[in-house]
Amino acid sequence: MKTLLGMLCTLVIALPVSAQETGNVILKYGLNFLKTPYVAHTLEVNDEEKLVVNFDEVDCTTFVEYVLALALSPVKNETIDKADYARSLQNIRYRNGKIDGYTSRLHYIADWVNNGVRHGFIDDVAAANSPDTLKLSLNFMSTHPKAYKHLEASPENISKIENIEKALSGQVTHYIPKNKLPDNGFSWIKNGDIIAITTNIPGLDVVHLGIAYYEKGILKLLHASSTQKMVVITQRPLAQMLKNNKRFTGIRVLRMKEDKQ
Ligand code: 2YP
């Protein structure tokens, strides 16, 4: 994977033909991350919260964030200025784009989506197209502090996260139950849409993120895979991937706002 500098200075990248055909900016950048190693916890490397940009090691969330930030950044003379990129990424990853400690990072995808909708760069397309709903009931982080380096060490952070969980819980979100998603997707799910896989794990809303990718009419997922340890396109349809995991309940579908491209 090109270093960030390489990526940001030379945006004219030889892409797989299909990406150019799709003409979707999210897919264009996303496909360029194929084979990038999957590494967890790359945002936990600092004691004090600050912006981390690491194109060489991604998890499902940082992969989607890095791609979305590229797509949202202004392009001048076929390059993206690094300061513009950092601004875009900070707006995506932190509540109202402000870094103010660990809990200002948007840890729950529901919070991440609300922030993007509020600031006008994300559309919740499932909300506009699917009548099925899920009511949020979040407490996973506050009840598993040992899984989070910056919670385990800080009762203050745990209580801040509890308040965030309480504020989000009760919100109704729209999704597609997995038994309603056909292998060929829906006409309203487009290449480059952001797919959030919902879960029945108690206290959690979403368990994985990826990007919608149609191959010969079949809806697949371009994602940072923790099992294959790199960014891949699923061999099987997304619908099958959902059926094969009892912890998956369905998908939320989000899209970068058109006028932001
Ligand atoms: C997020 O987890 C973390 C953020 O703290 C972190 O665990 C939670 C609730 N949030 O900043 C961010 C980036 O590392 O990851 C993600 C995790 O998916 C992992 C990364 C993956 O599948 O690769 C997001 O929350 C997206 O789905 C869930 C999932 N977390 C858990 O399953 C506990």
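Quick note: the coordinates plus some simple rules give every number you see, no bench work behind them. Note that this is a predicted model, so its numbers are computed, not measured. Counting neighbours? That spans all protein chains shown, and the Cβs are built from the backbone with ideal geometry, glycine included.
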Task: the range 52-164 - convex hull of the alpha-carbon atoms, volume per residue in Å³ - done: 133 Å³
- [ ] Determine by what factor the alpha-carbon radius of gyration of the range 27-83 differs from 2.2 N^0.38 Å, reporting the quotient.
- [x] 1.21
- [ ] About the Cα centre of the chain, how large is the charge dipole given +1 on each Lys and Arg Cβ and -1 on each Asp and Glu Cβ? Please answer in debye to the nearest 20.
- [x] 580 debye
TODO: With a 10 Å radius around each residue's Cβ, average the other Cβ atoms per peptide and rank 124-136, 35-47, 230-242, highest first.
DONE: 230-242, 124-136, 35-47
Task: For Ser142, net neighbour charge (Lys/Arg +1, Asp/Glu -1) across residues whose Cβ lies under 13 Å away - done: -1
TODO: Between the alpha-carbon centers of the range 36-50 and the range 140-157, tell me the distance in whole angstrom.
DONE: 16 Å
TODO: Based on alpha-carbon positions alone, could you give the equivalent ellipsoid semi-axes of the range 120-261 from the gyration tensor, as √(5λ), descending, whole Å?
DONE: 28, 18, 15
Task: Over 20 Å (Cα to Cα) - which of Lys82/Lys229; Lys180/Lys243; Lys98/Lys160; Lys190/Lys216; Lys135/Lys180 fall in this group - done: Lys82/Lys229
Open item on the list: Across the chain, what fraction of all alpha-carbon pairs, as a whole percent, falls in each successive 10 Å bin from zero upward?
Closed with: 7, 31, 39, 20, 3, 0
- [ ] Taking 7 Å along the Cα-to-C-beta vector as the label spot, tell me the Val53-Ser137 distance in nanometres, rounded to one decimal.
- [x] 4.2 nm
